[in-house]
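Bear in mind these aren't lab numbers, they're just calculated from the coordinates by the rules spelled out. From a predicted model like this one, the values you see are computed outputs, not experimental measurements. Neighbour counts run over all protein chains shown; Cβ positions are idealised from the backbone, glycine included.
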Amino acid sequence: MKILMINEVFSSFEKGDLQQVYFLMGDDYFLHEYFIRKLETTLFDDDTTHREILIPEDMSQQEIIDRLTQSDLFSTKKLFVLRNPQLIKNKYRNELLQFCERPMPNHYLVIIMDDYYSKLAIADKLINLFSPIDCRSPFENKLRVWAKQFFNDQGIDPPPSVVQEVLDMSGDSVYHIFNQIEKICISLDESDILTPEYVRKFGGWNREFKMWEFLNAVGQKDLSKALLTGKDLISRNSIISLMPNLTTLFQELLFIRMQNGTYKPFAGFIPLTGGVKKRLPDHAKKYSKQEIENALAVLGDIDRSIKTSSESDESLLSRFLFNSLGNNG
């Protein structure tokens with residue numbers, strides 16, 4: 001079994017060498033989203049949402065197979081993401097494996113298993129079909145490669161001293177490196193020179209974001225900004241402080257969707273600022289009804305985790321955002 005490094009696969013993307021099925025193993029949610037977004041951009045060559053999330057916990061197995069195997073008259077290109085394939089059982093598992101062996105034309109599938117060391121039968125079968133892609137959190141000696149990758153995504157070729165400074169400041173995880181580089185590049189003007197001294201300014205960048213900035217980022221599916229603003233908010237409070245606002249936001253979006261996109265302001269009290277409420281119709285256009293319902297379901301899971309587990313606030317926030325906003329990361 002050959003294990004592929006995620007960067008190797010990106011090289012094949014650049015050459016136009018695409019597979020119709022990819023199998024990701026490992027529990028780094030950031031890398032899952034980063035890979036899917038790269039594939040999505042390569043396939044569709046734009047920044048629009050195209051992927052369909054297949055959730056065995058929320059969908060019937062028959063519906064999942066139907067989505068994968070049904071084609072329209074125009075053979076439209078589609079990208080599907082399936083998490084936890086081990087929940088697909090019996091004849092439906094056989095149909096899933098048949099699709100993997102002979103995919104429908106123009107149908108692409110990313111399968112994700114969090115357990116890199118899984119010994120489940122479905123994992124063995126998928127490994128026999130595909131070289132799995134390693135999506136474990138990278139070891140320290142690989143983080144330099146990722147820092148260069150994130151700068152390259154911004155069209156910047158950083159000097160080694162700048163890469164080292166970023167690693168010294170935030171090299172404990174690939175997500176933190178991405179977040180740091182995102183902040184640097186957002187603030188970099190044409191007249192600025194990228195040096196270690198410039199990077200160092202962001203080590204103490206303690207701007208406090210507002211709740212409305214976080215909610216509007218969520219509403220617009222701006223994953224990078226939602227991660228940045230949300231992390232800042234929970235660093236000063238706890239994730240519990242975000243839950244009522246997020247729940248209200250998605251309840252309002254669901255109401256607009258059920259009204260066929262029309263929005264009639266509620267006469268009573270809605271615990272959202274005016275700056276968020278006036279953008280609700282625009283936010284609703286970013287989500288399908290299914291995506292909104294999924295976000296509310298994930299919020300329910302997060303609420304239960306807060307009460308019953310010791311999972312960190314940052315992990316809970318990441319889980320919500322990657323699952324709910326990942327469609328347009």
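Here are a few things to note about the model shown:
- Applied to region 227-237, the Karplus parametrisation 6.51 cos²θ - 1.76 cosθ + 1.60 on θ = phi - 60° returns per-residue 3J(HN,Hα) values of 5, 5, 6, x, 5, 5, 5, 6, 6, 9, 9 Hz, with x for Gly and Pro.
- Spin-label model, residue 124 to residue 42: label points 7 Å out along the Cα-to-beta-carbon direction sit 3.0 nm apart.
- Residues with amide H under 5 Å from that of residue 114, placed H, sequence gap 5 or more: 26, 84
- Taking each residue as 0.36 nm, the span from residue 67 to residue 137 lengthens on full extension beyond its C-alpha to C-alpha distance by 22.1 nm.
- Length gained when the stretch residue 8-residue 115 is fully extended (0.36 nm per residue, less Cα-Cα span): 36.4 nm
- The mean sequence separation of alpha-carbon pairs under 8 Å and at least six residues apart, normalised by the residue count of region 4-134, gives a relative contact order of 42 percent.
- Farthest toward positive dipole pole in region 270-324 [+1 Lys/Arg, -1 Asp/Glu at C-beta], among 298, 280, 323: 280
- The length gained on full extension between residue 189 and residue 164, counted as 0.36 nm times the residue separation minus their Cα-Cα distance, comes to 6.9 nm.
- Pairs of alpha carbons in the chain separated by more than 29 Å make up 43% of all such pairs.
- Charge tally in the Cβ shell below 12 Å around residue 291, where Lys, Arg are +1 and Asp, Glu are -1, residue 291 excluded: +3
- Phi to ³J(HN,Hα) by Karplus 6.51 cos²θ - 1.76 cosθ + 1.60 over region 273-278, Hz, x for Gly, Pro: 5, x, x, 8, 4, 5
- Taken along the Cα-to-beta-carbon direction at a fixed 7 Å, the label points for residue 232 and residue 145 span 3.3 nm.
- Restriction of the GluC sites (Glu not before Pro) in region 1-108 to DSSP coil positions whose beta-carbon has at most 15 other beta-carbons within 10 angstrom yields 57.
- Amide H contacts of residue 80 (H built 1.01 Å from N, under 5 Å, at least 5 apart or other chain): 52, 108, 109, 110
- Value of Rg/Rh across region 1-148 [Cα atoms, Kirkwood radius]: 0.95
- Highest GNM mean-square fluctuation among 99, 214, 74, for the chain modelled with Cα contacts below 10 Å: 74.
- A helix-only calculation puts the chain at -16000 deg cm²/dmol for mean residue ellipticity at 222 nm, using -39500 (n - 2.57) for each DSSP H run of at least four residues, averaged over all residues.
- Residues whose amide H falls under 5 Å from that of residue 272, counting only those 5 or more places apart or on a different chain, are absent, with hydrogens built in the peptide plane.
- Estimated FRET transfer efficiency (residue 224, residue 260; beta-carbon r; R0 25 Å; 0.05): 0.20
- Only the Cβ atoms of Lys and Arg (+1) and of Asp and Glu (-1) were treated as charged; on that basis the dipole of region 211-328 about its Cα centre amounts to roughly 400 debye.
- Region 130-195 shape via C-alpha gyration tensor axes, a/c threshold 1.5: prolate
- In loop segments of region 67-131 as defined by DSSP, the trypsin sites (Lys or Arg not before Pro) with at most 13 further C-beta atoms inside 10 Å of their C-beta are 77, 89, 119.
- Shape category assigned to region 269-309 from the gyration tensor of Cα positions, a/c cut at 1.5: oblate
- Converting phi to 3J(HN,Hα) with the Karplus coefficients 6.51, -1.76 and 1.60 and the offset θ = phi - 60°, region 217-226 yields 5, 4, x, 8, 6, 8, 4, 4, 5, 5 Hz in sequence order, with x at every glycine or proline.
- Overall shape: prolate for region 211-328, with the ratio a/c of the largest to smallest alpha carbon gyration tensor axis at 1.5 or above and a/b above b/c.
- Among 245, 90, 179, residue whose mean-square fluctuation peaks in a GNM of the chain (springs only between Cα atoms under 10 Å): 90
- Each of 163, 185, 146 was placed along the dipole of region 140-204 (beta-carbon charges, centred on the mean Cα), and the one lying farthest toward the positive end is 146.
- The relative contact order of the chain comes to 19 percent, based on Cα pairs under 8 Å that sit 6 or more residues apart.
- Computed over every Cα-Cα pair of region 138-251 and binned at 10 Å starting from 0, the pair-distance distribution P(r) comes out as 13, 41, 30, 14, 2 percent.
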